[in-house]
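The values are calculated or read from the model by the stated rules, or taken from the named source; none is laboratory data. Just so it is clear, the model here is predicted, and its values are computed rather than measured. All Cβ positions, even for glycine, are placed from backbone atoms using ideal geometry, and neighbour counts span all protein chains on display. Surface accessibility is based on the protein's heavy atoms, side chains included, excluding ligands, DNA and RNA. Shrake-Rupley method; radii C 1.70, N 1.55, O 1.52, S 1.80 Å.
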Amino acid sequence: MPVAPTETAITAENQQTDEPSTYRFSWTVENFSRLGIRKHYSEVFIVGGYKWRILVFPKGNNVDNLSLYLDVADSALLPYGWSRYAQFSLSVINQINNKHTVRKEAQHLFNARESDWGFTSFMPLCELYNPNRGYLMNDTCIVEAEVAVRRIIDYTNYDSKKETGYVGLKNQGATCYMNSLLQTLYHIPYFRKAVYHMPTTENDMPSASIPLALQSLFYKLQYSESSVATKELTKSFGWDTYDSFMQHDVQELNRVLCEKLEDKMKGTVVEGTIQHLFEGHQISYIECLNVDFKSTRKESFYDLQLDVKGCRDIYASFDKYVEEEKLEGDNKYHAEQHGLQDAKKGVLFLDFPPVLQLQLKRFEYDFLRDMMVKINDRYEFPLQLDLDRDNGKYLSPEADRRVRNVYTLHSVLVHSGGVHGGHYYAFIRPTLSDQWFKFDDEHVTKESMKTALEEQYGGEEELSPNNPGFNNTPFKFTKYSNAYMLVYIRESDKEKIICNVDEKDIAEHILIRFKKEQEEKEQKKKEKAEAHLYTIIKVARDEDLTAQIGREIFFDLVDYDKVRSFRVQKQLPFSHFKEEVAKEIGVPVQFQRYWLWAKRQNHTYRPNRPLTPQEEAQSVSKYSSKPDVGQLRDVTNRAFNSELKLFLEVELGPEFRPLPLPEKSKDDILLFFKLYDPEKAELRYVGRLFVKASGKPFEITSKLNEMAGFPLEDDIELFEEIKFEPHVMCEHIDKRQNFRASQLEDGDIICFQKSPRPENEDQYQYPSVPSFLQYVRNRQVVRFRSLEKPKEDAFCLELSKLSTYDDVVDKVAHHLGVDDPSKIRLTPHNCYSQQPKPQPIKYRGVDHLSDMLLYYNQTSDILYYEVLDIPLPELQGLKTLKVAFHHATKDEVSIHSMRLPKNSTVGDVLNDLKTKQVELSHPTAELRLLEVFNHKIYKVFPPNEKIETINDHYWTLRVEEIPEEEKNIGQHDRLIHVYHFIKDPQNQMQVQNFGDPFFLVIHESETLSEVKVRIQKKLQIPDEEFSKWKFAYVSLGRPDYLQDSDVVSARFQRSIYGAWEQYLGMEHADTTPKRAYTANQNRHTLEKPVKIYN
């Protein structure tokens, strides 16, 4: 067995593009549903000299989907800094019909941090484990991996600017599609200059202004030394983090962004730039053949969508684009004043734009497979494009023939992957020279013309046999990386388009802003380089405690991220640091006393002891490097950076003047005090005191009343705040017991309040300190969304994590103005998919709000709500079924949602449908309920079957009248299944079903020609169309064609509803109308439309 070789770095100079090593591995997993482990690995297989394996989570990786990954089998044994790049696909085989095999493609740079990659939500578990779907047969699952390995550049020390003169764009998560488009637009200098000239002011913020954000981005691309972030730009679009992790279509983003910029440029000096660069015009015409009538319409375009399927190159696509269509027969054109006429219909171009954007239709909807597919066919495009060829056959007669429509290729945008996702990058030659560059997110590399053009044609790639001495057939695999969008620049306009752009084109305030940003960046870089010489000292004071407690924090004393910090050289004597503090806050050195913090066993931090004079005489480094001095330091991964956190004790007298500090004896304890007001439910910091360990709390009550502003004789209650994680611990203090006996020590926190009167206890929601802290610890702001609008927050409510189910629905109902809270149904949030979970929360199905918000190990703050028409407990006692009623004599199908008690039968469903909702052919008609899946009838439900176990999520429930002929079936008659089918284009020996299946009674000696007469009458098919139909006996998916003289019943030996795998098949074209799909058929199946909100 070969061993994975040691991987070495590949520099830009000796960059290799070895042919990938490709292998297909099949893994049969037996006893799949009984695997008692969370994750399961396949045996190891070798591709490209590397060890791989498949990783599967049979019950999902914290999701309700099968999770499937490709894993580097020996990652723990590989040398430091290893990486390998692979394009791969993972499949779960459908063992009934290969057409339904689930296959997803991806590519990834595997490394020590990401040694496995794939799909957390590969396919729904309910679909996988459904025995009727074919993915799990005899408890066996078949998983396949196809892997292609390619060597790539090691980017660890690669400098794009130094190697190429250009910098890349950082990927925010799934923004490679945007990065490739932005690089393309940036490298059209005329466009860049227009963006620079869009009016902006020094008061604008890039995150709120698309023009300024784009100016900022382009300036940094032009002058930065390293890759540039795009967060300001996406924020200016109005996008959040979720949008940045949602991959969209580059063609769609191009249109939306250009439309937005066109709108923003209106009324400015650059108005019309988008139209001038990208707008062309075409003439659509319809011309009658036999009368003098012609209809024309002028249309503008910013890009052209060209067919890839069935076209070998761009010219073939343009030929197809302008190809005339004959309107004749049933498709005649209705011409004004001439009626129906034979005509020809087509499109010709009036003019082409200076910058021609060609969108290649790599994604199309496959009606046969009812899914989007990627077209990876080979498709060639030239370096020079002549659209005047063949005497200008693409141009309309009105076109200006003086303009030469010869174009040179500027950029090639590539999509690598499949319909479920992938990666975008761009090949660009910025100055139209022979040197091409690849812009792949952060990295820019020099590339050959062959790489930029020929290797992006798509199609198949052929690998040499592994053993040339044998007659191996060369292995071919599909190239999933191919051109997706092309940008051409007209030769006659290239001097104007590829113009010079420098700082004279950039507004002064932009230069100032960006140079300031660069200086700050350099300063941070310098500070980082010198970080090992410095330490950060954060100093908290009484003022910080007063400002934060009760507003920003409630537990502990201070949030150190919001106090004053000092960057101090480690070798600086601590006394010098005190002088610096004196200058900053105006407190002389002799009035400063610093306390170190300690982490206690209960994981809280408290001031522990003051620094001694001997310690203050040492250098700062003694505190930032010694873990035994008791200070609170951040133990983080920040290189060379440790933080020293101190509490500064200052005594203030009249007019807030500093006073000498009291001597601290061993018997003195420093305590911090918080005051709670139950009437306002407010907590605030009121100060600190030294007390004697031998003293008792009642001795300081007068002083505490004075600090609180109460009468000195008021009775107060004291509580020690001990901890708040994982739960609140706040205990009452016995005022007659001394402080030492109460185990109080330096740094402890005492909360106090007026002693509550019995008559007031029920008046306040949180009458005591512990109840208030418990509330603060558990309060939760929940964002509620309507289940019908799952992306929009409808309202927010502040609740407690300990709120019961009834508490939550009561408050939601009150907010919505719903009288009956039981009509509120809530659904939890899936933190991984950012969607509602499939199953709603049952009535009183959880104890507390915290249970509603928990999703595996993550906590959400989102719940979805519905307002039901009946109470939820009543609804839960009902079963809802969606059934399709097929009318007996009309070509009509109506969908009905049936709601009946769970103990109802199929007969109850049919009676309810019959008496209330549907139109029957005659009053005594009998109905039946069928289970239909994949255009086959799998079951006829007996009337006494309980509906509780019937599932309408995965198959169709069809209700129809029972034909009279079936009621009177003869002894020798047969009841057979009749299905529509076409041949599988991928496998002519298999068939694909479509349309509505039905039952048919055939008589003992009835020939096919006699059966066809009855079928034609039943389906009402015209003679001309029906004559094209072929009939076959189909068993286990294989057709055996019948002659008109064949006796049909001879093939069907038994009459049984469940024999769906043997049927009379009708082969003909599928002309049933399909559902409407998005106008942009290139958008991936899982994508949402691109929106720019600002």
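Residues in the range 991-1007 that are more than 30 Å from ASN98 (Cβ to Cβ), modelled with pLDDT of 90 or more and either of a type in the set (Asp, Glu) or open to solvent by less than 20 Å² (accessible area, probe 1.4 Å) (or both): VAL1001, ILE1002, GLU1006.
Of the residues making up the range 768-779, at least one is out of contact with any strand residue (DSSP E or B) (no Cβ under 7 Å at 6 or more places or on another chain) and among the β-branched types (Val, Ile, Thr).
Scan the range 84-107 for residues that are over 18 Å from HIS420 (Cα atoms) and buried (at least 20 other Cβ atoms within 10 Å of the Cβ) and the total you get is 1. Checking THR445 against (1) at pLDDT 90 or above; (2) open to solvent by 20 Å² or more (accessible area, probe 1.4 Å); (3) under 28 Å from LEU182 (Cβ atoms), which test does it fail? Here THR445 meets the rest and fails (2). Of the set (1) at positive phi; (2) touching a Leu at 6+ places or on another chain (Cβ under 7 Å), all apply to GLY134 but (2). Taking ASN171 as the residue in question, decide whether it is over 27 Å from the mean Cα position of the chain (by Cα) and either on the phi > 0 side of the Ramachandran plot or not in a helix (DSSP H, G or I) (or both). No: the conditions fail for ASN171. Scanning the range 904-937 for residues that are open to solvent by 40 Å² or more (accessible area, probe 1.4 Å) and closer than 27 Å to GLY1065 by Cβ gives ASN934, HIS935. With respect to (1) among the polar types (S, T, N, Q); (2) open to solvent by 50 Å² or more (accessible area, probe 1.4 Å); (3) touching a helix residue (DSSP H, G or I) at 6+ places or on another chain (Cβ under 9 Å), the lone exception for SER822 is condition (2).
Determine whether GLU706 is assigned to a helix (DSSP H, G or I), in the same structural domain as LEU652 (by the TED database) and among the acidic types (Asp, Glu). Yes: the conditions hold for GLU706. For the range 706-729, a residue qualifies if it is open to solvent by less than 80 Å² (accessible area, probe 1.4 Å), farther than 15 Å from LEU557 by Cβ and of a type outside the set (D, E, K, R), and the qualifying residues are MET707, ALA708, GLY709, PHE710, PRO711, ILE716, LEU718, PHE719, VAL728, MET729. Taken over the range 519-547, residues that are out of contact with any strand residue (DSSP E or B) (no Cβ under 7 Å at 6 or more places or on another chain) and either without any contact (Cβ under 8 Å) to a residue 60 or more places away in the chain or in a loop (DSSP other than H, G, I, E, B) (or both) amount to 14.
In the range 281-326, which residue that is of a type in the set (Val, Ile, Thr) and outside any helix (DSSP H, G or I) is most open to solvent (accessible area, probe 1.4 Å)?
Taking the candidates together, the pick is THR296.
Quickly run through the range 646-667 and pick out the residues that are over 22 Å from VAL589 (Cβ atoms) and either open to solvent by less than 40 Å² (accessible area, probe 1.4 Å) or assigned to a strand (DSSP E or B) (or both). Walk me through it before giving the result.
Step one: of the range 646-667, the residues over 22 Å from VAL589 (Cβ atoms) are 665-667.
The answer is none; no residue qualifies.
When the range 997-1012 is filtered for residues that are in contact (Cβ under 8 Å) with a residue 60 or more places away in the chain and in contact with a His (Cβ under 7 Å, 6 or more places away or on another chain), the ones remaining, listed by number, are PRO997, PHE999.
The conditions of being open to solvent by less than 50 Å² (accessible area, probe 1.4 Å) and either over 30 Å from PRO836 (Cβ atoms) or not polar (S, T, N, Q) (or both) are not met by VAL781.
Looking only at the range 1011-1021, decide whether some residue is open to solvent by 40 Å² or more (accessible area, probe 1.4 Å) and more than 24 Å from GLU892 (Cα to Cα). No, the range 1011-1021 contains no residue that is open to solvent by 40 Å² or more (accessible area, probe 1.4 Å) and more than 24 Å from GLU892 (Cα to Cα).
Of the strands (runs of 3 or more DSSP E) contained entirely in the range 327-383, those carrying at least 1 residues that are under 25 Å from PHE301 (Cα atoms), among the acidic types (Asp, Glu) and open to solvent by less than 70 Å² (accessible area, probe 1.4 Å) fall at 343-351, 363-366. For VAL776, the conditions (1) open to solvent by less than 30 Å² (accessible area, probe 1.4 Å); (2) outside any helix (DSSP H, G or I) are fulfilled apart from (2).
One line per residue, one yes/no per condition, for (1) open to solvent by 20 Å² or more (accessible area, probe 1.4 Å); (2) of a type in the set (Lys, Arg); (3) over 31 Å from the mean Cα position of the chain (by Cα):
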| site | (1), (2), (3) |
| --- | --- |
| THR827 | no, no, no |
| PRO840 | yes, no, no |
| SER850 | yes, no, no |
| LEU863 | no, no, no |
| HIS887 | yes, no, yes |
| ASP891 | yes, no, yes |
| SER894 | yes, no, yes |
| LYS902 | yes, yes, yes |
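Which is assigned to a helix (DSSP H, G or I), within 23 Å of LEU413 (Cβ to Cβ) and modelled with pLDDT under 85, of LEU185, LEU221, LEU181, LEU253?
Of the residues listed, the single one that is assigned to a helix (DSSP H, G or I), within 23 Å of LEU413 (Cβ to Cβ) and modelled with pLDDT under 85 is LEU253.
Of the residues contained in the range 67-90, none is found to be part of a loop (DSSP other than H, G, I, E, B), under 23 Å from the mean Cα position of the chain (by Cα) and touching a residue at least 12 places away in the same chain (Cβ under 8 Å).
If you go through the range 24-60 and keep only what is under 30 Å from the mean Cα position of the chain (by Cα) and open to solvent by 80 Å² or more (accessible area, probe 1.4 Å), you end up with ARG24, ILE37, ARG38, LYS39, LYS59.
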